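Chemist: Got a structure for you, questions after.
The values are calculated or read from the model by the stated rules, or taken from the named source; none is laboratory data. Just so it is clear, the model here is predicted, and its values are computed rather than measured. Reconstructed Cβ throughout: ideal geometry from the backbone, glycine too, with neighbour counts over all protein chains shown.
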Amino acid sequence: MTDSEPKYQQVIEWVKDKIVDGSYKPGDRLMSEMELSKMFGLSRQTIRRATGELENQNYVTRVQGSGTYIGGSSVQPRQEHYMCIAVISTYYDSYIFPPTLKGIERILSGSGYSMQVSFTDNKIKREEQILKDLLERDNIDGLIVEAVKSSLPNPNIVFYRKFMDMGIPVIFFNSSYPDLPAPCVRLDDMGVAEKATNILLQAGHRNVGAILKLDDGQGRLRYAGYMKALFKASADFRESQVAWIDSMDYRDLSAIEEHIFSRMKNVTGVVCYNDEVAYQLIDLAVKRGLRIPEDLSVVSIDDSHLAGVSRVPFTSFPHPKDLLGRKAAENMIRMIDQPEFDGNFLFDCEPVIRDSVRTLTLEGENGYA
């Protein structure tokens, strides 16, 4: 491409090259406007101009409500509509998932869609089995998914790409796979964790710890928010004040109690990954003779029933649950009707303040002994 050529020309040449070398074959679905926009660093309007020119030259066919396909107008992309959406969730028995699934079902059923639900138990092998079965049956119009251990490499990405190549939209909720160009409806994990950390900082805490999950994207983003708040406030940070746990650990923190409290020994306040972690932490701390919040202040995320029934009710940020499920379903329906629609959405929230944060008035308080 020369400096005098329009920007959209590089997209046109790239598509033509892919057709020539066999990467794209007649009937294949072209990448979405959003994907091409990110790939080339161009606006979606510029990408749309490129695909329009390609269509004029009979290299692609744009099909309303389906997408853009390689080949002329004789190409017939997937046209079936089964009025069925597959929903894949990690769990069904947590305080998050029943309301989220009800929110999804309410919107889908109200729009005439049935819902086919499966659970992975947060296991990659189970996810693989579910995806293979769905591909074999080929009777869904869309896929709403919660990712399995989304901060770790996942071999199942190839199956999601197959759905997308077939023109079946995929949208994630709560967390997504960074290597997959699919939208996600979720809590603003980084922003909320920054707010949670700031509650402690503004209460005078300088040694603030965190207990976070290492095997999902939410834990990674919440760590980023925690760090952002500390650096903005020029507060102390030590790697030893962060306890990383995985999906098995956080179900029973008593199994790693000594590890947790060795990390929290020199902190006066802690940001917890979620209410399950905060509830267990407070229970274990009280059994060890620690006072909440006098010895250790606690802030959490989710604002579940656990926040109110804990030994010490704790401050927590609400998870949107039902609203999140509704939004994921609404965006899926729009993606079916408008394949170029960007289904990403972030929820923000404000804390529900309870009795778990102490305001420090004396300088030099350095956590429990």
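Chemist: If you go through the range 155-163 one residue at a time, do you hit one that is aliphatic (A, V, I, L, M) and either outside any helix (DSSP H, G or I) or assigned by TED's automatic domain parsing to the domain that holds VAL270 (or both)? Lay out the reasoning, then the answer.
Modeler: Within the range 155-163, the subset aliphatic (A, V, I, L, M) is 157-158.
In the following step, the residues that additionally are either outside any helix (DSSP H, G or I) or assigned by TED's automatic domain parsing to the domain that holds VAL270 (or both) were identified as none.
No, the range 155-163 has no match at all.
Chemist: Being of a type in the set (D, E, K, R), surrounded by fewer than 22 Cβ atoms within 10 Å (Cβ to Cβ), more than 18 Å from SER89 (Cα to Cα) and not assigned by TED's automatic domain parsing to the domain that holds PRO339 narrows it down to one residue among ARG137, ARG206; which is it?
Modeler: Just a single option satisfies the conditions, and that option is ARG206.
Chemist: In this structure, is LEU131 within 25 Å of ASP302 (Cα to Cα) and either surrounded by 21 or more Cβ atoms within 10 Å (Cβ to Cβ) or aliphatic (A, V, I, L, M) (or both)? Break it down into steps so the answer makes sense when it comes.
Modeler: Numbers: within 25 Å of ASP302 (Cα to Cα): no; either surrounded by 21 or more Cβ atoms within 10 Å (Cβ to Cβ) or aliphatic (A, V, I, L, M) (or both): yes.
Answer is no for this residue.
Chemist: Just one of GLU239, GLU194 is surrounded by fewer than 19 Cβ atoms within 10 Å (Cβ to Cβ) and not assigned by TED's automatic domain parsing to the domain that holds MET335; which is it? Spell out how you get there, then give the answer.
Modeler: On the way: GLU194 fails: surrounded by fewer than 19 Cβ atoms within 10 Å (Cβ to Cβ).
Just a single option satisfies the conditions, and that option is GLU239.
Chemist: So which of TYR91, TYR59, TYR113 ends up being under 20 Å from ASP337 (Cα atoms) and either modelled with pLDDT of 90 or more or not β-branched (Val, Ile, Thr) (or both)?
Modeler: TYR113
Chemist: So, in the range 12-56, how many residues would count as being closer than 24 Å to ASN344 by Cβ and either polar (S, T, N, Q) or in the same structural domain as PRO181 (by TED's automatic domain parsing) (or both)? Walk me through it before giving the result.
Modeler: Here is the first cut: in the range 12-56, the residues closer than 24 Å to ASN344 by Cβ are 29-51.
From the residues that got through so far, the ones that are either polar (S, T, N, Q) or in the same structural domain as PRO181 (by TED's automatic domain parsing) (or both) too are 32, 37, 43, 45-46, 51.
Number satisfying all stated conditions: 6.
Chemist: Turning to a different aspect of this structure: For LYS162, indicate whether it is surrounded by fewer than 17 Cβ atoms within 10 Å (Cβ to Cβ), more than 30 Å from PHE231 (Cβ to Cβ) and at pLDDT 95 or above. Outline the logic, then answer.
Modeler: Details: surrounded by fewer than 17 Cβ atoms within 10 Å (Cβ to Cβ): yes; more than 30 Å from PHE231 (Cβ to Cβ): yes; at pLDDT 95 or above: no.
When the stated conditions are applied, LYS162 does not pass them.
Chemist: Scanning for something over 27 Å from the mean Cα position of the chain (by Cα) and more than 23 Å from PRO169 (Cα to Cα), does the range 22-39 turn up at least one residue? Steps first, please.
Modeler: Taking the range 22-39 and keeping what is over 27 Å from the mean Cα position of the chain (by Cα), we get 22-28.
From what's left, more than 23 Å from PRO169 (Cα to Cα): 22.
Yes, the range 22-39 contains at least one residue that is over 27 Å from the mean Cα position of the chain (by Cα) and more than 23 Å from PRO169 (Cα to Cα).
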